[in-house]
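Chemist: Take a look at this one; I'll ask things after.
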Amino acid sequence: MRFKSECGGRALPARNIHLTLVFLGEVARERLPRLEALAAAVTVPRFEIRVDHVGYWRHNRIVWAGVERGATELGALAAGLEQALAGDDFGFDQRAHVPHVTLLRNARRAPAAASMRPVAWHVTGHALVESVPIEHARLYRVLRTWPPA
């Protein structure tokens, strides 16, 4: 990967590639059925995003790939989920939604150029994913998925 050799850091394994809509943190297992019901009620039509530029967050040393085309639709989906969660007293990260895919963790520097070969990603629904610690890393495990409307 071009960015790993340029920036250093640890690349996410392909199985962990995802785009976070809402970050919840720890959720008690007994609350999962309610969380699933809320997520199921939020629908979105099929659409396509284009991952087409890279950025770097110095504060947590992450190199990420960003979305231009489809960002409005992703924002609407994230806002719908946030509204449903807030109405049922689920806590979540309140920062503004920045649609991105994490590429590298613990990067030493930002990429020299923000350009990348665009990647089309067909959004075919949304999912509830848990982060599971395994041997100095994380595994993202899909608990449930919902298709588009």
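Chemist: Can you find, within segment 138-149, the residue that is farthest from Ser5 (Cα to Cα) among those that are in contact (Cβ under 8 Å) with a residue 60 or more places away in the chain and open to solvent by 40 Å² or more (accessible area, probe 1.4 Å)? Full working, then the answer.
Modeler: Going through segment 138-149, the residues in contact (Cβ under 8 Å) with a residue 60 or more places away in the chain turn out to be 138-140, 143-144, 146, 148-149.
When the remaining residues are screened for being open to solvent by 40 Å² or more (accessible area, probe 1.4 Å), the result is 138-140, 143-144, 149.
Working: Arg138: 22, Leu139: 23, Tyr140: 24, Leu143: 33, Arg144: 35, Ala149: 41 Å.
Ranking the candidates gives Ala149 first.
Chemist: Is it the case, given these coordinates, that Arg69 is among the basic types (Lys, Arg) and surrounded by 17 or more Cβ atoms within 10 Å (Cβ to Cβ)? Please lay out each step first, then the result.
Modeler: On the way: among the basic types (Lys, Arg): yes; surrounded by 17 or more Cβ atoms within 10 Å (Cβ to Cβ): no.
No, not satisfied.
Chemist: Has segment 35-53 got at least one residue that is open to solvent by 40 Å² or more (accessible area, probe 1.4 Å) and without any contact (Cβ under 8 Å) to a residue 12 or more places away in the chain?
Modeler: Yes; the residues of segment 35-53 include at least one that is open to solvent by 40 Å² or more (accessible area, probe 1.4 Å) and without any contact (Cβ under 8 Å) to a residue 12 or more places away in the chain.
Chemist: Could you look through segment 103-132, keep only residues that are of a type in the set (Gly, Ala, Ser) and in contact with a helix residue (DSSP H, G or I) (Cβ under 8 Å, 6 or more places away or on another chain), and pick out the one that is surrounded by the fewest Cβ atoms within 10 Å (Cβ to Cβ)?
Modeler: Our first condition is that a residue be of a type in the set (Gly, Ala, Ser); within segment 103-132, this holds for 107, 110, 112-115, 120, 125, 127, 131.
After this cut, where a residue has to be in contact with a helix residue (DSSP H, G or I) (Cβ under 8 Å, 6 or more places away or on another chain) as well, the list is 107, 110, 112.
On the way: Ala107: 24, Ala110: 17, Ala112: 9.
Restricting to residues being of a type in the set (Gly, Ala, Ser) and in contact with a helix residue (DSSP H, G or I) (Cβ under 8 Å, 6 or more places away or on another chain), the top hit is Ala112.
Chemist: Residues in segment 21-34 that are open to solvent by less than 50 Å² (accessible area, probe 1.4 Å) and either touching an Asp or Glu at 6+ places or on another chain (Cβ under 8 Å) or not in a helix (DSSP H, G or I) (or both): how many? Before the answer, list the steps.
Modeler: So in segment 21-34, the residues open to solvent by less than 50 Å² (accessible area, probe 1.4 Å) come out as 21-22, 24-25, 27-28, 32.
Restricting the remaining residues to those that are either touching an Asp or Glu at 6+ places or on another chain (Cβ under 8 Å) or not in a helix (DSSP H, G or I) (or both) gives 21-22, 24-25, 27-28.
Summing the residues that are open to solvent by less than 50 Å² (accessible area, probe 1.4 Å) and either touching an Asp or Glu at 6+ places or on another chain (Cβ under 8 Å) or not in a helix (DSSP H, G or I) (or both) in segment 21-34 gives 6.
Chemist: Looking at segment 61-80, which of its residues are modelled with pLDDT of 95 or more and not small (Gly, Ala, Ser)?
Modeler: Matches in segment 61-80: Arg61, Ile62, Val63, Trp64.
Chemist: So in segment 76-98, with the set limited to residues that are within 14 Å of His126 (Cα to Cα) and in contact with a strand residue (DSSP E or B) (Cβ under 9 Å, 6 or more places away or on another chain), which one is most open to solvent (accessible area, probe 1.4 Å)? Don't jump to the end; show me each part of the working.
Modeler: Step one: filter segment 76-98 for residues within 14 Å of His126 (Cα to Cα), giving 76-82.
Still in the list and also in contact with a strand residue (DSSP E or B) (Cβ under 9 Å, 6 or more places away or on another chain): 77, 81.
Values: Leu77: 6, Leu81: 21 Å².
Filtering segment 76-98 for residues that are within 14 Å of His126 (Cα to Cα) and in contact with a strand residue (DSSP E or B) (Cβ under 9 Å, 6 or more places away or on another chain), the one most open to solvent (accessible area, probe 1.4 Å) comes out as Leu81.
Chemist: Considering segment 54-85 alone, what residues qualify as being among the aliphatic types (A, V, I, L, M), farther than 30 Å from Arg109 by Cβ and in contact (Cβ under 8 Å) with a residue 24 or more places away in the chain?
Modeler: Step one: list which residues in segment 54-85 are among the aliphatic types (A, V, I, L, M), which gives 54, 62-63, 65, 67, 71, 74, 76-79, 81, 84-85.
So of that shortlist, the ones also farther than 30 Å from Arg109 by Cβ come out as 76-77, 79, 81, 84-85.
Across segment 54-85, the qualifying residues are Ala76, Leu77, Leu81, Ala84, Leu85.
Chemist: Arg58: at pLDDT 95 or above and open to solvent by 60 Å² or more (accessible area, probe 1.4 Å), yes or no? Can you show your working first?
Modeler: Details: at pLDDT 95 or above: yes; open to solvent by 60 Å² or more (accessible area, probe 1.4 Å): yes.
For Arg58, the condition - at pLDDT 95 or above and open to solvent by 60 Å² or more (accessible area, probe 1.4 Å) - is met.
The values are calculated or read from the model by the stated rules, or taken from the named source; none is laboratory data. In this text, all values refer to a predicted model and were calculated from it rather than measured experimentally. Cβ: placed from backbone, ideal geometry, glycine included. Neighbour counts: every protein chain shown. We work out accessible area using only protein heavy atoms, side chains counted, and drop any ligands, DNA or RNA first. Shrake-Rupley method; radii C 1.70, N 1.55, O 1.52, S 1.80 Å.
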